[in-house]
Amino acid sequence: MSATLGPKLALARAVGAVSRVRGGGGTSLPGKLLVRMDSSAIAELAARLPRGSVLVSATNGKTTTAAMAASILEAAGISLVHNQAGANMAGGIASTLLGAAGRSGTIAGELGLFEVDELWLDRLAGQLHPRVVVLANLFRDQLDRYGELETIAERWAGTVRAGGPAERARLVCNADDPLVADLGRERAQSDYEPADLKRERAEVGGVPVQGDHEPAAFELEQAEVGGELAQDAHGPADAHEPAGVLYFGVDDDSLALASMAHAADAKHCRRCGAPYVFDAVYLGHLGHYHCESCGQRRPSPTVLARSVVLEGVRSARFQLSTPDGEAEVKLALPGLYNVYNALAAAALGVALGISLADIVAGLESTTAAFGRAETVTVAGRETRILLVKNPAGANEVLRTLALEPGCHDLLGVLNDNTADGHDVSWIWDADFELLVGRVRLATCSGTRAPELALRLKYAGIEPERIRVIDDLPHALAAATAEYPASGGGRLADNAAKQSPTGEGRLMVAEESAAAGEQPRAEESSSRLNRAAPLYVLPTYTAMLALRELLVRRGEADSSWQ
Ligand SMILES: [Zn+2]
């Protein structure tokens, strides 16, 4: 540690303490100050981590993926330094490291697990020198903040290719996201072999190679990881899968959508520019695809999900296949998007040599973070909060809601603050049509409440079921006060049959969910007799405002991040 870092850590901590006393949220404030005082602080503190760092980046789901990965690594007995949701830029990560840093060069944790904002990946990789980088997906998100998808893809490509700040990291890539899979293939084509992997292979081959900076504990892990050997021995061999890239994906034709959803992006081959032909679409632009022009196709994943069963807004289960074998995973989180998050976390576990048992235990013990299918009780009513921040994410939430029987009460909170994106036109790409005939009462709130109401109306939801209450506390009070009349389930069935659009998919989805688990019928009828939950669909800053409101009222725990 540099002689000067110690006093800076102390000063940054003191400022953080003062900020907390004053009631400022500012989890990133001490870290921002620290980085301002010493631009190499992140690198210096991260270098103390005996097992190094792993990074998780994605447009959608990185918080949940990192939470699942944390759960897996903890199940394996690895102590972590892990940043909290949202604190995923330099200031937040510096704050996290600062919080774990001890005196005289120590740190309270073995491995750094960092969720990283997609536009900060290159800069933070340069400081954190990750062992593994998870690139989970790239969806169109907050256009006015980030520009085109391709811009992010270019920066990610520059991060992971030879000469980039993460050139030595093993990559974990989503095979079903063409843009992300292309980045893995591009690295392979650069003909570059990461140094870490050379060392790993040498060890696996029985020739111990002394790492220049790594502790002994690491060596066992590397021998276990032996990515290439493991793949040769067990995995679906794929000549295109390069050293140092581990792919994950879904193999389940029963999930395939009839056509590409509105929100689909990144449909063009990065190599030749021709449109990808999709053989199956699972979620947005995620699926099985190939390029008819140049022959580029989806890489075969080493970590994959089969026999996926989506169980409404409560849970999902699937058969997880890894080089170590297969196991059924029961997630306490809903939706195909969480199956993808689980696959990314499982693949990270595989890349780190974690056992299948620990991977499954970690995935199954992960519960929702605030705003990610969190359930709270508001004014005595069960309230589920489902963050919506871009079309693809919103579509998955809507698809998940559509799987839940009955008519729903919704509170949509649409804000257009900077962190939400000032341009809210994305709501027109979200398939609210999925909810036609399934809405009992929709309350629209937030800075752009009228626009959301208009969107719902154009989706085909009856205007008399839509109301606008701009002010969030009033909207929440009104929405929670309304209980559905009894017999809501019957109403839903009739309505779904009569709905002009989208009904085929809804009914099929519902039937397949019911068929997937026989005892559900009983459960669902008893559930309909209780007061149905309120579903809140907030954008990012709306979710933060909601959390503040609930914490103030004592209805949510202030430890939620
Ligand atoms: Zn092509």
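May I ask you to list the residues of the stretch 437-464 whose amide nitrogen lies under 13 Å from a point 7 Å from Cα along the Cα→beta-carbon direction of A379?
What the label zone holds, given the 13 Å backbone N cut-off, is 443.
For the residue pair R465 and S40, what label-to-label distance in nm results when each label sits 7 Å from Cα along the Cα-to-beta-carbon direction?
It is 6.2 nm.
In this model, which of K32/K330; K330/K457; K8/K62; K330/K389; K32/K267 are farther than 32 Å apart at the alpha-carbon?
K32/K330; K330/K457; K32/K267
Apply 1/(1 + (r/R0)^6) to the Cβ-Cβ distance of A108 and R155, taking R0 = 41 Å, and write down the FRET efficiency to the nearest 0.05.
Efficiency at R0 = 41 Å is approximately 0.80.
For D423 and K267 in one chain, what is 0.36 nm times their gap in residues minus the Cα-Cα distance, to one decimal in nm?
Gain on extension, D423 to K267, equals 53.9 nm.
Give a quick list of trypsin sites (Lys or Arg not before Pro) in the stretch 44-124 that DSSP marks as loop, anything other than H, G, I, E or B, with at most 13 other Cβ atoms within 10 Å.
R103
Just so you know, all these numbers are worked out from the coordinates, no wet-lab data involved. Since this is a predicted model, take the numbers as computed values, not measurements. Glycine gets a Cβ as well: all are built from the backbone with ideal geometry, and neighbour counts include every protein chain shown.
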